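Since the structure comes first, as structure tokens, the remarks are kept for the end.
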Amino acid sequence: MTDLERFAAVLLSELQAEGVPPAGDLAVGSLLDRTFPYRVARRTLALDTVEDYEMLVLRLVAEEGAMVVTAPGEAAEMARSTLATRVPDLDVLRLLRSATITFTDDTLGRLDGVRLMPRAAEPAPDAPDAGQVAAAAGEPEPDDRIIPIRRSGAAPPPAAAAAPACWQCQASLPTGRTVNFCVACGADQRAPTCGGCGTGVERGWRHCPECGHALAPT
């Protein structure tokens with residue numbers, strides 16, 4: 001399983017945890033801010049830097065591996081053009097926040113219902129691992145990378161994807177175009193970054209976790 005497939009698999013499990021139909025459209029801004037932000041991906045996928053996280057998001061939006069369909073098509077082309085440069089400018093994600101991605105049926109068939117777990121601590125020396133327990137019981141060794149999510153009942157009916165909303169006043173934002181500022185209150189909709197080192201940060205944080213720079217209130 002590639003690093004991008006691992007990212008997509010955990011994203012699908014996060015959508016499932018939110019009760020969102022995995023076959024629906026997902027706004028890039030929602031992915032970055034709420035559904036699978038860096039602070040969650042860093043813990044789940046053991047990512048080293050926010051740049052690693054943003055590169056994975058950009059590769060997904062670029063339709064790498066044909067795992068998703070990005071709308072509008074110009075957004076996918078912008079992501080591909082950025083990735084083709086010698087040093088990709090990851091700030092382009094700010095311009096792609098209103099774009100949406102939709103997982104393909106093939107991707108859902110391969111990855112939906114599979115959850116990749118974060119790296120666990122080493123077991124105590126005297127505790128048998130899962131492979132030893134399985135061998136003693138005459139069963140095949142489990143794959144410690146994935147744990148299938150057991151499904152029950154019929155799948156919920158597909159629901160319409162929620163329209164993007166302003167993070168400050170919750171007003172609905174226009175779709176099908178780049179929206180940098182809220183049309184109702186004027187709040188900046190672009191992903192916040194540290195003014196000292198450029199690291200992506202979360203709204204409400206008072207200091208950058210990378211360099212300690214004081215952040216402007218949002």
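The values are calculated or read from the model by the stated rules, or taken from the named source; none is laboratory data. Nothing here was measured: the structure is a model prediction, and the numbers come from that model. For neighbour counting, all protein chains shown are included, and Cβ atoms are generated from backbone atoms with ideal geometry for every residue, glycine included. The protein model used for the area step is the full one, side chains on, heavy atoms only, and it has no ligands, DNA or RNA in it. Shrake-Rupley method; radii C 1.70, N 1.55, O 1.52, S 1.80 Å.
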Fill in: Identity of the residue in segment 199-218, surrounded by 13 or more Cβ atoms within 10 Å (Cβ to Cβ) and among the aliphatic types (A, V, I, L, M), that ends up farthest from the chain's Cα centre (by Cα)
L215
Worksheet item: Which residues, taken from segment 66-85, are surrounded by 15 or more Cβ atoms within 10 Å (Cβ to Cβ) and assigned to a helix (DSSP H, G or I)?
Response: A75, A76, M78, A79, R80, T82, L83
Worksheet entry | Test: residue in segment 59-66 that is modelled with pLDDT under 95, within 21 Å of W167 (Cβ to Cβ) and within 14 Å of the chain's Cα centre (by Cα) | no
Worksheet item: Quick one: S13 ticks every box in (1) under 19 Å from A163 (Cα atoms); (2) at pLDDT below 95 bar one, so which box is it?
Response: (1)
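Listed here are the residues, each with its yes/no results for (1) modelled with pLDDT of 85 or more; (2) in contact with a Leu (Cβ under 9 Å, 6 or more places away or on another chain).
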position	(1), (2)
I149	no, no
G153	no, no
A159	no, no
S172	yes, no
G176	no, no
C182	yes, yes
A187	no, no
C194	no, yes
G212	no, no
Worksheet item: Out of the residues in segment 15-60 that are closer than 21 Å to W205 by Cβ and among the acidic types (D, E), which is most open to solvent (accessible area, probe 1.4 Å)?
Response: D48
